[in-house]
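The values are calculated or read from the model by the stated rules, or taken from the named source; none is laboratory data. Quick caveat, the model's predicted, so the values are computed rather than measured. With ideal geometry, Cβ positions are generated from the backbone for all residues, glycine too; neighbour counts draw on all protein chains shown.
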Amino acid sequence: MGKKRMKLSELQRLTGLHINTIRRVYYNEGNNINYKTLEKLCQALDCNVGDIFDYIPGE
């Protein structure tokens, strides 16, 4: 989102996801993510899964 200078509300409009779902992913507050949600985010942001998440061992 930062690279595209996109607001949460714009991503919500593009994906149809609830704003709270997007917020939890953005702020890393969730414990899991649905594959459909991930697919919608990747499509809207024109990116791959690895562009959204970083693996940090031990966390």
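Quick look at the values:
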read-out	value
Every residue from region 1-23 that is among the small types (G, A, S) and either part of a loop (DSSP other than H, G, I, E, B) or touching a residue at least 24 places away in the same chain (Cβ under 8 Å) (or both)	G2, G16
Region 45-59, residues that are assigned to a loop (DSSP other than H, G, I, E, B) and loosely packed, with under 11 Cβ neighbours inside 10 Å	D46, N48, D54, Y55, I56, P57, G58, E59
Subset of region 24-41 (residues that are farther than 14 Å from G2 by Cα, assigned to a helix (DSSP H, G or I) and either touching a Pro at 6+ places or on another chain (Cβ under 8 Å) or not polar (S, T, N, Q) (or both))	R24, Y35, K36, L38, E39, K40
Subset of region 35-50 that is among the polar types (S, T, N, Q) and touching a Ser or Thr at 6+ places or on another chain (Cβ under 8 Å) - its residue that is farthest from G16 (Cα to Cα)	Q43
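This table checks each residue for (1) out of contact with any Leu (no Cβ under 6 Å at 6 or more places or on another chain); (2) at pLDDT 90 or above; (3) surrounded by fewer than 11 Cβ atoms within 10 Å (Cβ to Cβ).
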position: K4; (1), (2), (3): yes, no, no
position: L8; (1), (2), (3): yes, yes, no
position: L11; (1), (2), (3): yes, yes, no
position: G16; (1), (2), (3): yes, yes, yes
position: Y26; (1), (2), (3): yes, no, no
position: N31; (1), (2), (3): yes, no, yes
position: Y35; (1), (2), (3): yes, yes, yes
position: Q43; (1), (2), (3): yes, yes, no
